[in-house]
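Single-structure report; data block below.
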Amino acid sequence: MNYFSTFSFLLLLVLPLLATCHEKLVYIVYFGGHNGEKALHEIEENHHSYLLSVKDNEEDAKSSLIYSYKHSINGFAALLTSHQASKLSELEEVVSVYKSEPRKYSLHTTRSWEFSGVEESVAPNSLNKDDLLLKARYGKDVIIGVLDSGLWPESKSFSDEGIGPIPKLWKGICQSGDAFNSSNCNKKIIGARYYIKGYEQYYGPLNRTLDYLSPRDKDGHGTHTSSTAVGKKVPNASAIGGFASGTASGGAPLARLAMYKVCWAIPREGKEDGNTCFDEDMLAALDDAIADGVDVISISIGTKQPQPFDQDSIAIGALHAMKKNIVVSCSAGNSGPAPSTLSNTAPWIITVGASSVDRKFLSPIVLGNGKKFMGQTVTPYKLKKKMYPLVYAGEVININVTKDLAGQCLPGSLSPEKAKGKIIMCLRGNGTRVGKGGEVKRAGGIGYILGNSKANGAELAADAHLLPATAVDYKSGVQILNYISSTKSPVAYIVPAKTVLHAKPAPYMASFTSRGPSVVAPDILKPDITAPGLNILAAWSGGSSPTKLDIDNRVVEYNILSGTSMSCPHVGGAAALLKAIHPTWSSAAIRSALITSAELQNNVGEQITDASGKPADPFQFGGGHFRPSKAADPGLVYDASYQDYLLFLCASGVKDLDKSFKCPKKSHSPRDLNYPSLAIPNLNDTVTARRRLTNVGAPKSIYYASAKPPLGFSIEISPPVLSFNNVGSKRTFTITVKAHRDMMPRIPKDQYVFGWYSWNDGIHNVRSPIAVKLA
């Protein structure tokens, strides 16, 4: 190689590195919290001075600032080169500097409340005086902040009829924009803001045909989640086709709503594929929500990859919220059934998994051989009662479709010549469920069967497809495929669906719900709890369609959706009720009450299972299925303070999230955080953890300990009896978990086993899950 070619080769290697050094991207520079000594303009000037220290001139420093976080969160978001970000990260007062990653965060896409024990179907004058809703005055004057895709203010779920004046302590605003002004707020919707600077910095100006540049929702997700948490009672509500007909209601129907729109449509992608929410926009929203005066924050947003706490905007914002005693409920994610897929695992957050309710939308498929397989759907379209040709999608594909995608019914994959007039059998896997139905319709198919993958098992999500359709479980799908392959002229008929209540068993865990253990904090058992997240009816946006597909022009007031996005606001609504009853309780006390009072059994008296009928475990449901009425009177709670969480972070190796707090020289174990559950990821022989209980029940109470140890282990609780003289009395105890030496060779080292420990006074059963794995 001659000199010139060697130089050219080296130049090719170096140029990308030089470009990376000078390429400006958005970084979040985080300092911790504010001490309240500086005015807002002084804080921004201070942030500007840091930018000026790494920029060439004042104009460049000013133009690069995207957000200055001034209320509880101390930090800023700015356009920086990697070199400038690195220089700032070296400063002693800076906690962390991290890059805003596009597509890092996304949304985790009625009967549910009644099934959870919050009875709205009873007339108010027939309610028992001990009923949770009456005790909580339906969540009156509690304010729930929701970070999402906006809201549709005209929905009946957000009517302010019968609601009193706006709480005097409220400091929020109603921000005007596209098709939205202050008149769209009322005594129900008391605040609405939007945050788009980070999004527009990456994608450029918003395409106003894709989304509204305002708090108005053009997706549907934000309207759905916020009405699940705080929606007013709306009689005769149903999905398209009359499915799930009844009274729609949020968990806290008289609570107030503040919407913080942080999630936006992705250019050149279908809305059915989801949207995106940027770090810097969410931090700005959380900073405002805390200052506005919300009591509860519900966030159905998360990451696909686990994030360290000092680079996780939701975790950072939620820690500041917790410091102000705001309860934060977050979705666990939809990346199940694989283990270690959880999002939002910080111990100061309530992490919510998703499970079913006791309602199904049954639509059987009848084959030409007389066999019938039960499916589910909420499509309003029906076939004429006769048999139709049935084919597997892989038999009617275009020639350019690869074998591995043959049965997926992805856009453009089906041949209209081959598919026309037939019922097409598609498989779950790549693409969206509604998108597959859209492709069958495009190709001229008369109907559509969606067969579950093995991972989805028996879980059936009901969708409002654009043609006659039904979804079947994995075993049924295999048998239908066998019939197709073994029959010369296979035929089938899809029976129109009907709503069936009191289905059994219920609840069961959704296969999509993300699982523990937590990768970021393995000493904290997550998720905390499960709540209804499969086929949930709630309000919908008039700017979207029930499937979100471009070809779907239908407009609905209520829609059925599935995801941990739907379970999260159930717990947000429950937290609002608990806040109304116990306004002095900390966010940790509310989380403890929900976890320790949760239900482990389904409606046939057996342990909650997964979607395939196998016993589920705490890495799917945490403490169990939430029971708000029981959580209102838990007896005892595991409380924790802001300092307790900082000590936990110190023990976890995150030492400077709050620069004003110095980690103690004596090291603690992360498992010593006063949490209402216990995870031991690497047990050698024996581990002892300490816990502290606070009495919130009757004075002069005596509680007795009991335990169900994991297989191969013993649990010793000391002392085994705790006496509480007063409300607010605190008592500490230790839990010692020991592996039986004779059993150790038979316990798989890479596998967790589960158990429980409880405190009981004859009225309350304060139960905590345990997860243990050998080192």
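Values computed for the structure shown
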read-out	value
Any hit, the range 623-631, residues being hydrophobic (A, V, I, L, M, F, W, C) and open to solvent by 10 Å² or more (accessible area, probe 1.4 Å)	no
Exclusive hit being closer than 20 Å to G613 by Cα, in contact with an Asp or Glu (Cβ under 7 Å, 6 or more places away or on another chain) and open to solvent by less than 30 Å² (accessible area, probe 1.4 Å), set A506, A471	A506
Residue count for the range 667-694, restricted to those that are within 21 Å of A589 (Cα to Cα) and not in a helix (DSSP H, G or I)	13
The range 639-657, subset modelled with pLDDT of 90 or more and in a loop (DSSP other than H, G, I, E, B), residue least open to solvent (accessible area, probe 1.4 Å)	A640
Extreme residue, least open to solvent (accessible area, probe 1.4 Å), among residues of the range 394-418 that are closer than 15 Å to L450 by Cβ, assigned to a loop (DSSP other than H, G, I, E, B) and among the hydrophobic types (A, V, I, L, M, F, W, C)	C409
S701 being open to solvent by less than 20 Å² (accessible area, probe 1.4 Å) and either under 32 Å from the mean Cα position of the chain (by Cα) or not basic (K, R) (or both)	yes
Index of the failed condition, P267 passing every other in (1) in a loop (DSSP other than H, G, I, E, B); (2) under 18 Å from the mean Cα position of the chain (by Cα)	(2)
Qualifying residue in the range 700-713 (condition: at pLDDT below 95 and within 30 Å of H582 (Cα to Cα))	yes
Inter-residue pairs, beta-carbon under 6 Å, first within 20 Å of I28 (Cβ to Cβ) and in the range 266-279, second assigned to a loop (DSSP other than H, G, I, E, B), 6+ apart	T276/R103; T276/I266; C277/V262; F278/S100; D279/S100
Hits in the range 418-442 (condition: more than 16 Å from D550 (Cβ to Cβ) and either at pLDDT 95 or above or aliphatic (A, V, I, L, M) (or both))	K418, A419, K420, G421, K422, I423, I424, M425, C426, L427
Total residues in the range 754-772, condition over 21 Å from I590 (Cβ atoms) and in a loop (DSSP other than H, G, I, E, B)	1
Verdict on L51 being at pLDDT 95 or above, aliphatic (A, V, I, L, M), surrounded by fewer than 17 Cβ atoms within 10 Å (Cβ to Cβ) and more than 28 Å from K304 (Cα to Cα)	no
The range 516-545: number of residues that are open to solvent by less than 10 Å² (accessible area, probe 1.4 Å) and acidic (D, E)	1
Selection from the range 294-333 of residues that are open to solvent by less than 10 Å² (accessible area, probe 1.4 Å) and hydroxyl-bearing (S, T, Y)	S298, S300, S313, S329, S331
Leading residue by the ranking (nearest to the chain's Cα centre (by Cα)) among those in the range 270-293 that are open to solvent by 10 Å² or more (accessible area, probe 1.4 Å) and closer than 22 Å to R591 by Cβ	I290
Pairs, first at pLDDT 95 or above in the range 398-417, second part of a helix (DSSP H, G or I) and among the β-branched types (V, I, T), C-beta under 9 Å, six or more apart	C409/V440; L414/V440
Residue in the range 217-228 that is more than 18 Å from the chain's Cα centre (by Cα), of a type in the set (K, R), open to solvent by less than 30 Å² (accessible area, probe 1.4 Å) and at pLDDT 95 or above present	no
Pair list, Cβ under 8 Å, 6 or more apart: the range 662-677 residue modelled with pLDDT under 90, other residue aliphatic (A, V, I, L, M) and surrounded by 15 or more Cβ atoms within 10 Å (Cβ to Cβ)	S667/A651; H668/L647; H668/A651
Test result for K261, crowded, with 23+ Cβ neighbours inside 10 Å and basic (K, R)	yes
Candidates S677, S723 - the one that is of a type outside the set (A, V, I, L, M, F, W, C) and open to solvent by less than 10 Å² (accessible area, probe 1.4 Å)	S677
Residue among K386, K371, K382 that is surrounded by fewer than 24 Cβ atoms within 10 Å (Cβ to Cβ), closer than 30 Å to V500 by Cα, in contact with a helix residue (DSSP H, G or I) (Cβ under 8 Å, 6 or more places away or on another chain) and not polar (S, T, N, Q)	K371
Top-ranked residue in the range 587-628 [being more than 14 Å from G572 (Cα to Cα) and touching a helix residue (DSSP H, G or I) at 6+ places or on another chain (Cβ under 7 Å); ranked as modelled with the lowest pLDDT]	D610
Residue in the range 243-253 that is open to solvent by 10 Å² or more (accessible area, probe 1.4 Å) and at pLDDT 95 or above present	no
Selection status of S660, open to solvent by 20 Å² or more (accessible area, probe 1.4 Å) and within 25 Å of the chain's Cα centre (by Cα)	no
Residues within the range 555-614 that are polar (S, T, N, Q), part of a loop (DSSP other than H, G, I, E, B), open to solvent by 20 Å² or more (accessible area, probe 1.4 Å) and within 30 Å of S476 (Cβ to Cβ), tallied	2
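The values are calculated or read from the model by the stated rules, or taken from the named source; none is laboratory data. Every value quoted in this text rests on a predicted model; they were computed, and no experiment measured them. A quick note on method: Cβ atoms are made from the backbone with ideal geometry, for glycine too, and the neighbour counts reach across all protein chains shown. Side chains are part of the model used for accessible areas, which takes the heavy atoms of the whole protein and leaves out ligands, DNA and RNA. Shrake-Rupley method; radii C 1.70, N 1.55, O 1.52, S 1.80 Å.
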